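The values are calculated or read from the model by the stated rules, or taken from the named source; none is laboratory data. Small disclaimer: the values here were computed from a predicted structure and weren't measured. Here Cβ is always computed from backbone atoms with ideal geometry, including for glycine, and neighbour counts include all displayed protein chains. Quick note on the areas: whole protein, heavy atoms, side chains included, nothing else; ligands and nucleic acids left out. Shrake-Rupley method; radii C 1.70, N 1.55, O 1.52, S 1.80 Å.
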Amino acid sequence: MSVNRLLRVGTVAVASLGVLALSACGSDPEPSGSSSPEGSSSTGADCPQGTLNAEGSSAQKNAIEEVIAKYNEKCADVTVNYNPTGSGAGIKQFNASQVDFAGSDSALKTEGADGGESEAAQAAKRCANNPALNLPMVIGPVAIAYNVDGLDKLVLDGATAAKIFQGTVKTWNAPEIAKLNPGVTLPSAPISVFFRSDESGTTENFTKYLAAAGGGAWTGKPAKKWTGTGAGKEKSAGVAEGVKSTKNSITYVEWSYAVDNKLGVAQIDNGSGSPVELTAETAGKALAAAKPAGTGGDLSMKLDYATKEAGAYPIILVTYEIACSKGLPAEKTALVKSFLSYFASTEGQSSLTELNYAPLPDAIRTKVDAAIQSIS
């Protein structure tokens, strides 16, 4: 079955599961993005004029660039610049008032490191003492991507993945890997690991998986900064290119980058009894285990990386657009609302399916749109 076919199936699965996961939150009115200014298709576009600057997650680079292109077909007088420097850099630039919104693969932290000020508190200051919103916008599965000649299928579980990325499993024919791949010829070559050298929400999500599913094999704490083994490369494009150009290598990277670079993608044994292939449908099953973690306009979500549900691919991330609820100049507020409304619209989300992302379930999309419309 083709990737696009799987994505279409996964879209339905994700939408259905999202409704189940969030039904307890009550019903919502139809989002304001349900009709365009011309009264035609669902675009969410209300077109001001000006320039919007944003920065952050490289995992959503392909998604947001596609949405910007589609948005500009509706709103030609708005320039949207997005710099995919990584989630950590995006949050720092947002809190320093250098960009109008940020993209991050993890929600703003509400506790500071070593007793310092939290990301959420810094963001509130940047927003003229108003809360910043975590708006889930892009669902991107994280692939364990590899490049090994002749290895067309690879199965890993949480513990073995943790040992590989920790550096305690060092060769491809190690007993832990061989046990999960009976009958497969594995080379005796050393495993070359690539990791994100920049502060990355993808790193934080992946290390959350290693910590939750690794059975203690991962010794570090989940964080945007990598603490395991390997060679560092900047951004998602960097680690994908590192694996593509290096035999017997492995990395963690957002799914679309693995597909674009024609890398092998490991199936994950989540403990349910059968390895799970990464598809939009299997990622959707994992999303069903997610629970709302925020209140009001804060739409951060708590993912279950250790799920043992049959057919659920457990390594997923949600990219949030982080924006001020209030506090920006009026002209910037209009630009932020216009672009994010389109991003969250059915038209904006549907443009992501061909890029190996899963669109937001309607139950979540409706709440995101309502939060965007509340920005003032």
Quiz item: What list of ³J(HN,Hα) couplings, whole Hz, do you get for segment 178-187 from phi and the Karplus terms 6.51, -1.76, 1.60, once you set θ to phi - 60° and write x for glycine and proline?
Solution: 4, 4, 7, 10, x, x, 9, 7, 10, x
Quiz item: So for the pair residue 76, residue 272, with labels modelled 7 Å out along Cα→Cβ, what separation do we get in nm?
Solution: 4.8 nm
Quiz item: Against the longest principal axis of the chain, how steep is helix 330-344, in degrees 0 to 90 to the nearest 10, with axes from Cα atoms?
Solution: 50 degrees
Quiz item: Taking the alpha-carbon centroid of each part, what is the distance from segment 352-376 to segment 157-221 in angstrom?
Solution: 33 Å
Quiz item: Taking the Cα-to-Cβ direction at residue 231 and at residue 65 and moving 7 Å from each Cα, how far apart do the two end points lie in nm?
Solution: 2.4 nm
Quiz prompt | Scattering curve values for the chain, log₁₀ I(q)/I(0), Debye with Cα scatterers, q = 0.10, 0.13, 0.15 Å⁻¹ | solution = -0.60, -1.00, -1.31
Self-check item: Ordering of 284-294, 192-202 by burial proxy (mean other Cβ atoms within 10 Å per residue, highest first)
Solution: 192-202, 284-294
Practice problem: For segment 268-280, take each phi angle, set θ = phi - 60°, evaluate the Karplus expression 6.51 cos²θ - 1.76 cosθ + 1.60, and give the result in whole Hz per residue in order, putting x for glycine and proline. | Solution: 10, 8, 8, x, 8, x, 8, x, 10, 7, 6, 9, 4
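Can you give the relative contact order of the chain as a percent, counting alpha carbon pairs under 8 Å and 6+ residues apart?
RCO, the chain: 29 percent.
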Exercise. Could you compute the FRET efficiency for residue 51 and residue 152, with r as their C-beta to C-beta distance and R0 at 56 Å, rounded to 0.05?
Key: 0.75
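Can you bin segment 148-247 into rounded, prolate or oblate? Criterion: square roots of the alpha carbon gyration tensor eigenvalues sorted a ≥ b ≥ c, rounded for a/c under 1.5, prolate for a/b above b/c, oblate for the rest.
Here segment 148-247 falls in the oblate category.
For the chain, what is the mean residue ellipticity at 222 nm derived from helices alone (per DSSP H run of n ≥ 4: -39500 (n - 2.57); sum divided by total residues; nearest 500 deg cm²/dmol)?
Dividing the helical sum by the residues of the chain leaves -10500 deg cm²/dmol.
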Quiz item: For segment 189-251, what is the relative contact order in percent, using Cα pairs closer than 8 Å and at least 6 residues apart in sequence?
Solution: 48 percent
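Between residue 179 and residue 326, what is 0.36 nm times their sequence separation minus the Cα-Cα distance? Round to one decimal in nm.
My answer for the length gained is 47.5 nm.
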Self-check item: Cβ-based charge dipole, segment 48-157, positive-most Cα from 112, 48, 72
Solution: 48
Self-check item: Entries of 70/332; 224/302; 153/224 with Cα pairs more than 25 Å apart
Solution: 153/224
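With every protein chain kept in the model, how would you rank 66, 354, 117 by accessible area, 1.4 Å probe, largest at the top?
354, 117, 66
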Quiz prompt | Order by protection proxy (mean Cβ within 10 Å, highest first), peptides 94-104, 123-133, 340-350 | solution = 340-350, 94-104, 123-133
Quiz item: Quick one: helix 362-373 against the long Cα principal axis of the chain, what's the angle to the nearest 10°, folded into 0 to 90?
Solution: 40 degrees
Quiz item: In whole Å, what are the Cα extents of segment 298-349 along the three principal axes, biggest one first?
Solution: 48, 25, 12
Quiz item: To the nearest 10 square angstrom, how much accessible area does residue 308 have with a 1.4 angstrom probe?
Solution: 130 Å²
Practice problem: Collect residues whose amide H, placed 1.01 Å from N in the peptide plane, falls under 5 Å from the amide H of residue 358; neighbours closer than 5 in sequence don't count. | Solution: 139
Quiz item: Once both labels are modelled 7 Å past Cα along the beta-carbon direction, what's the residue 295-residue 354 spacing in nm?
Solution: 4.4 nm
Quiz item: Percent relative contact order of segment 61-147, based on C-alpha pairs within less than 8 angstrom and at least six residues apart?
Solution: 18 percent
Quiz prompt | Principal-axis tilt of helix 61-74 within the chain, Cα atoms, nearest 10 degrees | solution = 30 degrees
Practice problem: Report residue 73's accessible area, 1.4 Å probe, all protein chains in place, as a number in Å² to the nearest 10. | Solution: 130 Å²
